[in-house]
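**Student:** Handing you a structure now.
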Amino acid sequence: MQPTNHSEISLAYTMGLIAGEGSFFVIFNRDDRYRYDVYYGPKMAISMGKNEQELLENQCQLYGLGTVNTTMKGYQWVISSRAECHELIELIDQYLEQNPSTEFLNSAKQNAYENWRSALELLQPGRQLTADEVIELAELRDDINYISATNSIATDEIEEIVQSASKL
């Protein structure tokens, strides 16, 4: 993607949403249809209440990234394709470059972003990871997903699954 010149105000608003309501993830699911018997991928989500569908739809349309989904408590703007996550990185980096004194750089979310960004260096569109890279990705996930989902696969279990599948 070529950097798009979104207005500074639009980018600042989006960065505020990301800092306040957004979450970065690397997800893993057991799935024997995939190499090493696990599916893995990036995700960024902004969750908001039932009155904020239009706001999230506008963000989604502004950047042409992701989808807005209904949740039990409201709505969620989700970006989960590798290519679109890379586009989001370009937008965030553009904002950070233009605003080097932004408060985002002092937030815990910034640490999660930097680790997520490192994970996306492995998760290039169309690229298959080696067994060692899948394990590295799982370790990076631990630094990004500071709140584990109840169905989350532990990193040591991912390592066992990957090593077992790579011996076949």
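Every number here is computed from the coordinates shown, using simple stated rules; none is lab data. All values derive from a computational prediction rather than experimental measurement. Please note: Cβ atoms are built from the backbone with ideal geometry, for glycine as well, and neighbour counts cover all protein chains shown.
**Student:** Before rounding to the nearest 500, sum -39500 (n - 2.57) across all DSSP H runs of length at least 4 in the chain and divide by the residue total; then give [θ] at 222 nm in deg cm²/dmol. The partial results should precede the final answer.
**Tutor:** Working: 6 runs with 83 residues, N = 168.
Calculated from helices alone, the mean residue ellipticity at 222 nm is -16000 deg cm²/dmol.
**Student:** Determine, for each peptide in 28-34, 128-134, the mean count of other beta carbons within 10 angstrom over its residues, then list the peptides with the highest first.
**Tutor:** Values: 28-34: 13.0, 128-134: 15.1.
Going by the mean number of other Cβ atoms within 10 Å, highest first, we get 128-134, 28-34.
**Student:** Then there's this: For the pair Glu114 and Asp31, how long in nm is the line joining their label points, each one 7 Å along Cα→Cβ?
**Tutor:** Spacing of the two 7 Å Cα→Cβ label points: 3.1 nm.
**Student:** Let me ask another. Using a 7 Å offset from the Cα along the Cα-to-Cβ direction at both Gln124 and Ala12, what is the distance between the two label points in nm, to one decimal?
**Tutor:** Result for the modelled spin labels: 3.6 nm.
**Student:** Sticking with this one: Work out the FRET efficiency for Asn69 and Tyr39 from their Cβ-Cβ distance, taking R0 = 22 Å, and round it to the nearest 0.05. Kindly include the intermediate steps, with their values, before the conclusion.
**Tutor:** Details: r = 18 Å, r/R0 = 0.83.
According to the calculation, E is roughly 0.75.
**Student:** Ranked from highest to lowest mean number of other Cβ atoms within 10 Å per residue, what is the order of the peptides 113-124, 94-105, 156-167? Could you put the intermediate results ahead of the total?
**Tutor:** On the way: 113-124: 18.5, 94-105: 13.2, 156-167: 15.2.
The densest-packed peptide leads the list: 113-124, 156-167, 94-105.
**Student:** In nm, give the distance between the simple-model label positions of Glu54 and Ser80, each being 7 Å from the Cα along the Cα-to-Cβ direction.
**Tutor:** Distance between the two pseudo-spin positions: 2.8 nm.
**Student:** For Ile27, what residues show an amide H to amide H distance below 5 Å, using hydrogens built from the backbone and excluding near sequence neighbours?
**Tutor:** So Ile27 has HN proximity to Gly41, Lys43.
**Student:** Counting only C-alpha contacts under 8 Å and six or more residues apart, can you give the relative contact order of the chain as a whole percent? Let's see the in-between values first.
**Tutor:** Details: 220 pairs, mean separation 43.6, N = 168.
Value for the chain: 26 percent.
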